[in-house]
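**Q** Structure provided below as structure tokens; questions to follow.
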Amino acid sequence: MESHEHDQDHDEQHIHPEPTSFIRKYIFSMDHKVIAKQFIWLGLSFLFLGGTMAMMIRWQLANPGVPFPIIGKWVFAGSNGIVSPAAYTSLFTMHGTIMIFFAITPIMIGGYGNFCIPLMIGARDMVFPTLNMLSFWAQFTSSCVLVASFFVPMGAAAAGWTSYATLSTQLGTPGWGQTMWVIAIFLAGMSTIMGAVNYITTVIRLRAPGMTWFKMPLTVWGLWLTAILNALFVPVLGSAAILLFLDRTFGTHFFLAGAMVKGGGDPLLYQHLFWIFGHPEVYILILPAWGIISDILSFFARKPAYSYKVTALAMVAICVLSAVVYGHHMFVTSMSPLLGESFMVLTMIISVPACVLFLNWLHTIWQGRLRLTAPMLFSLGLVFVFGLGGLTGIYLADIPTDLYLHDTYFVVGHFHLTMAAAVFLGAFASIYFWFPKMFGRQFNHTWAKVHFWLSFIPINMVFCGMLVIGNAGMQRRLYNPNEYELFRHLHPLNVFISYSAFALYFGQIPFIINFFYSVFFGKKAEQNPWEVTTLEWTHASSPPVHHNYDVIPTVLNGPHEFSNPLVTDKDWLGQCEPLPSAAVVAEKKPAG
Amino acid sequence: MKRSRFKLATHAAYVSAFLTLIAASRVWADPPTTWGRPFDASLDGNKIDWLFKFTTIAIGILFVIMAAILIWATVMQRDTGGRKAQYEHGIGRKHLLLTALVSSIIFFGVDGTLLYSSFVDLTETFWKWPTAKDHPVEVEVYAQQWVWNFRLAGPDGKFNTPDDVVTINDLHLPVNTPVFVKIKSKDVIHSFYLPNMRIKQDAFPGSITQLWFEPTKPGQYVVGCAQHCGVSHYKMHGTMTVESQQEYERWLHDESTAAKRRFDQADSDAHWGWDWEI
């Protein structure tokens, strides 16, 4: 679409007066910026909860049978503060569920999706503000159900975050906990779909005049593609959840089979449904971070994003491929050899667009003038850990090596590097980058950098340790690996991983203090403290007014006009700034 | 001011490194025998180990290149004022060709080699099931929370007959003979895992899966469960004893005689075996 046609296509957005009552302004708000903050507060709370649960898991693996310090005697009151086997299964189940559906999804998609999309494309709000509000409250309801499930008789869900049938049916996990897990997942899925519909439509309909597809920041590309994957694949998870719910509560046999139940269902059906969603899901989680750091790397290298269009198209290619590789999660389920080999080839093909992304990131910073701000450090850290995680994925894409590695800690190390460590660093890059815009205040830069090093070093220790221990054969989800004589000599390695994890956990203290202090007492932020090009920095105040822009700006340039030699007074050119007129003439001449 | 901030960040890096070194020292205090993959006692495990080696070298090289560029750019190309960054959008033909070239070299060189070797290994080894000509030992595995049940056919060569040798968490096999395993589960999904044979296979309620391997070194090896199967998943493991042909036959004969004596037609739960032929 050319920019001059765009005016007619651009939906008229009226300026609505700002609500004045507390409830309409802060609780049931329809303002995308407030909803973004609500999602981020919710997500950060669950990040803390999920992280604490990870510490309990690691405590048990490092010190089996030793009471958990300080809070153990309340949390594990029934077992004298010791993490019991039943508690352990609940812990790893809920840790995974919370981190994926209640921490990463709200922070990256609910939070930064909501905050960035309208601001970066030059819109006054999302296209469906009421739906946006409902999306948050569906997520909130889901969170309440999930938290409540800890307090029901027989405890919270315990069938793993994947909740494979038949373990996740009444046969393996009786009680209300697992049923509430299914309900919570369904509600969270509803929230995600509502958000996705909103994001997709907003990006299509509400771009500012001149904001063509290939002038959009890569952040918006990442979030938009994520929304498309969400709209397509979360419903599949919803269907799996419904069937599981029916099996659990109404005695149907969709997934039940075997001598115990004499059912005619198929437990493998659940795995197909789950992974048709589950594999796109890992890209759903990482795509926003990819988009965001593609921008941040360019912003702070003061250099245009290398092959911008190719980066955007590589992300599109990965989205398409993500839909057809899910079978690699099921290599040891005895699928047809032809199917298995096809999934292996398709999975390997993903390495092509992934390689392109990496080359573009490395080219972007190469010959740049890097400003090592906190968001930049976290973005560079993301490239590093994602490189490590992505490359180790090759072992798992390959069927013969997967026959050995499947369901070992190697898998845990690999997916934590890609979608936990990388998204974690990406989330903090986003938090620090948009902090001045979101709260109108500056955070303490020094402590933010301290936070980076306290996160980056231990996070690599933790997950690389897991790769090593998995390569040695140790399975995941073992309450006490020392039960196996074969793994007893690995105990020091487990201790190492655990203590590194504790270092990572306590390394977040500088962030928590810095964040809360700066939200309330930080120095007032300027409009464009980072000297970058995108609309929210060049045309909206910090924090933006209720309707974002008094006048919708007209976009002239791409989002990465840095170090243009024709611009002499500074090293950047905003998306709406014309090139100095003499230069425009000089540039147009050869073309004309 | 700027200088001291940089210093503080550097100190944080040191503190973080120091903390992790403390963690590391706990490992070095008690050096392990080996942290590699467990001893390979199978005929074909070396094929998987070869793929491991190739992949490690290939991704090792790629990772070192990536990390070197990342670190070099971060350290050497910091903004210290003065000149601007290179103004390069990277959309020229030569840039696109370079990206395409590097990606194809990696794809065909690394992924291509792996795909080719894997296809060969799968079709000629791991998924090439033993036939009657190979005279494999046939084993039925029945997984349940939280034990492995094994069934050998006994002298009559037929399953689910009174002379079947049925054991719990205790599998005996002769050395240098292919083993053909059929697996099913009673309740939830389990996964039959033999780290020393480099192989595993899920066990499903309601359907039968299979795998085969050939142990080449006598000894005792672990049979693990790799799929989360409930609270006592961590306790679900047994022993696989690989012994010489004579020892195995003597053991099978003794066990089979005892099994016939113990056989109880009325105990239907014990007759979980099923009849099959290669």
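No lab work stands behind these numbers, since they all come straight from the coordinates. All of these numbers come straight from a predicted model, not from anything done at the bench. Note: ideal-geometry Cβ built from the backbone for every residue, glycine included; neighbour counts use all protein chains shown.
**Q** Among residues other than A:Q442 whose Cβ falls under 9 Å from its Cβ, what is the net charge (Lys/Arg +1, Asp/Glu -1)?
**A** +2
**Q** With a point put 7 Å past each Cα toward its Cβ, work out how far B:W50 is from A:V551 in nm, to one decimal.
**A** Reported label-point gap for B:W50 and A:V551 is 7.1 nm.
**Q** Taking the highest mean first, how do the peptides B:216-224, A:557-565, B:120-128 order by number of other beta carbon atoms within 10 angstrom per residue?
**A** Put in order of decreasing packing, that is A:557-565, B:216-224, B:120-128.
**Q** Turning to a different aspect of this structure: First measure r as the distance between the Cβ atoms of A:M154 and B:A67, then evaluate 1/(1 + (r/R0)^6) with R0 = 56 Å and state the FRET efficiency to the nearest 0.05.
**A** Using R0 = 56 Å, I get an efficiency of 0.75.
**Q** Now for a different question. Restricting the count to DSSP beta bridges whose residues both fall in the protein assembly as shown, what percent are antiparallel, rounded to a multiple of 5?
**A** Restricted to the protein assembly as shown, the bridges split so that about 70 percent are antiparallel.
**Q** Still on this structure, please answer the following. For B:S104 and B:W35, compute 0.36 nm times the residue count separating them, minus their Cα-Cα distance, and round to one decimal in nm.
**A** Once the chain is fully extended between B:S104 and B:W35, it gains 21.4 nm.
**Q** So who's got an amide H within less than 5 Å of the one on B:W276, skipping anything under 5 residues away but keeping other chains? H placed 1.01 Å off N, in plane.
**A** B:F159
**Q** Here's another thing I want to ask about it. If you find the alpha carbon centre of segment A:311-328 and of segment A:329-348, how far apart are they in angstrom?
**A** 17 Å
**Q** Evaluate peptide A:401-412: per residue, the Cβ atoms of other protein chains within 10 Å of its Cβ; return the mean as an integer.
**A** Average per residue, whole number: 6.
**Q** Another one. Cα centroids of segment A:353-418 and segment B:54-110: how far apart, whole angstrom?
**A** Centre-to-centre (Cα) distance: 14 Å.
**Q** Also, quick follow-up: About the Cα centre of segment B:135-264, what is the dipole size in debye to 20, counting +1 per Lys and Arg Cβ and -1 per Asp and Glu Cβ, all else neutral?
**A** With Lys and Arg at +1 and Asp and Glu at -1, about 320 debye.
**Q** Follow-up question, since we're still on this one. HN-Hα J couplings of segment A:144-161 from phi, Karplus 6.51/-1.76/1.60, θ = phi - 60°, integer Hz, Gly and Pro as x?
**A** Running phi through 6.51 cos²θ - 1.76 cosθ + 1.60 with θ = phi - 60° gives 5, 4, 5, 5, 4, 5, 5, 9, 8, x, 6, x, 6, 3, 9, 9, x, 5 Hz.
**Q** If you filter segment B:247-278 for GluC sites (Glu not before Pro), then keep DSSP loop positions with at most 11 other Cβ within 10 Å, what is left?
**A** Sites meeting the loop and neighbour criteria: B:E277.
**Q** Going by amide H atoms built from the backbone, whose H comes under 5 Å of the H on A:T408, apart from near neighbours?
**A** Residues meeting the amide H criterion: A:R476.
**Q** Now for a separate question. For B:S268 paired with A:I23, estimate the spin-label separation in nm (one decimal), with each label point 7 Å from Cα along the Cα-to-Cβ line.
**A** 6.3 nm
**Q** Under 5 Å between amide H atoms, partner at least 5 residues away or on a different chain: which partners does B:D170 have, H built in plane at 1.01 Å?
**A** B:F150, B:T239
**Q** For the peptides A:207-220, A:99-112, what is the packing order when you average, over each peptide's residues, the other Cβ atoms within 10 Å and list the highest mean first?
**A** Peptide ranking by packing, descending: A:99-112, A:207-220.
**Q** Given the Cα-Cα distance of A:N80 and A:E526 and 0.36 nm per residue of separation, how much length would full extension add, in nm?
**A** 155.2 nm
**Q** Ranked from highest to lowest mean number of other Cβ atoms within 10 Å per residue, what is the order of the peptides A:420-433, A:245-258?
**A** A:420-433, A:245-258
**Q** Can you tell me the dipole magnitude for chain B around its Cα centre, using point charges on the Cβ only (Lys, Arg +1; Asp, Glu -1), in Debye to the nearest 20?
**A** 2500 debye
**Q** In debye to the nearest 20, how big a dipole does the protein assembly as shown give about its Cα centre with +1 on each Lys and Arg Cβ and -1 on each Asp and Glu Cβ?
**A** 3100 debye
**Q** Kindly write out, for segment B:154-161 in residue order, the coupling ³J(HN,Hα) from the Karplus curve 6.51 cos²θ - 1.76 cosθ + 1.60 (θ = phi - 60°), rounded to whole Hz, with x marking Gly and Pro.
**A** After applying 6.51 cos²θ - 1.76 cosθ + 1.60, I find x, x, 6, x, 10, 8, 6, 10 Hz.
**Q** Give me the inter-chain shielding for A:466-475: mean count of other chain Cβ atoms within 10 Å, whole number please.
**A** The mean count of partner-chain Cβ atoms within 10 Å per residue comes to 4.
**Q** What is the angle, in °, between the Cα long axis of helix B:245-262 and the longest principal axis of the Cα atoms in chain B? Nearest 10 is fine, range 0 to 90.
**A** 60 degrees
**Q** Across bins of 10 angstrom width beginning at 0, how are the C-alpha pair distances of segment A:218-352 distributed, in whole percent?
**A** Cα pair-distance distribution for segment A:218-352, in percent: 12, 32, 28, 17, 8, 3, 0.
**Q** Once you average over the residues of A:356-368, how many Cβ atoms of partner chains fall within 10 Å of each Cβ?
**A** Mean partner-chain Cβ count within 10 Å for A:356-368: 6.
**Q** Then there is this: At what distance in nm do the modelled label points of B:D156 and A:T130 sit from each other, each positioned 7 Å from its Cα along Cα→Cβ?
**A** According to this spin-label approximation, the distance is 7.4 nm.
**Q** With the Cα gyration tensor of segment B:135-264 giving a ≥ b ≥ c as the square roots of its eigenvalues, does the rule (a/c under 1.5 for rounded; else a/b larger than b/c for prolate; else oblate) give rounded, prolate or oblate?
**A** oblate
**Q** Which whole number in µm²/s is D for chain A by Stokes-Einstein, with the Kirkwood Rh taken over Cα pairs at 20 °C and 1.002 mPa s?
**A** 86 µm²/s
**Q** Sorting A:R476, A:R441 on the 10 Å Cβ count, fewest up front, what's the list?
**A** A:R441, A:R476
**Q** Please list 3J(HN,Hα) in residue order for segment B:164-173, calculated via the Karplus relation 6.51 cos²θ - 1.76 cosθ + 1.60 where θ = phi - 60°; whole Hz, with x for glycine and proline.
**A** Ordered by residue, 3J(HN,Hα) equals 4, 9, 10, 10, 10, 6, 9, 10, 10, 9 Hz.
**Q** Same structure again: Select from B:V175, B:V75, B:V64 the residue whose mean-square fluctuation is largest in a Gaussian network model of chain B (Cα-Cα springs shorter than 10 Å).
**A** Comparing B:V175, B:V75, B:V64 in a Gaussian network model of chain B, the most mobile one is B:V75.
**Q** Once the Cα atoms of helix A:422-439 and of chain A are each reduced to a long axis, what angle between those two axes, in degrees from 0 to 90 to the nearest 10, is obtained?
**A** Orientation of helix A:422-439: about 40 degrees from the principal axis.
**Q** To continue, here is another question. How big is the gap, in Å, between the Cα center of segment B:169-246 and the Cα center of segment A:510-532?
**A** So the two Cα centres are separated by 57 Å.
**Q** Please give the helix A:374-397 orientation as an angle from the longest Cα principal axis of chain A, in degrees from 0 to 90, rounded to the nearest 10.
**A** 50 degrees
**Q** A further question follows. Between B:F204, A:T130, B:F126, whose Cα lies farthest towards the positive end of the dipole of the protein assembly as shown when Lys and Arg beta carbons carry +1 and Asp and Glu beta carbons carry -1, centred on the Cα centre?
**A** My answer, from the dipole projection, is A:T130.
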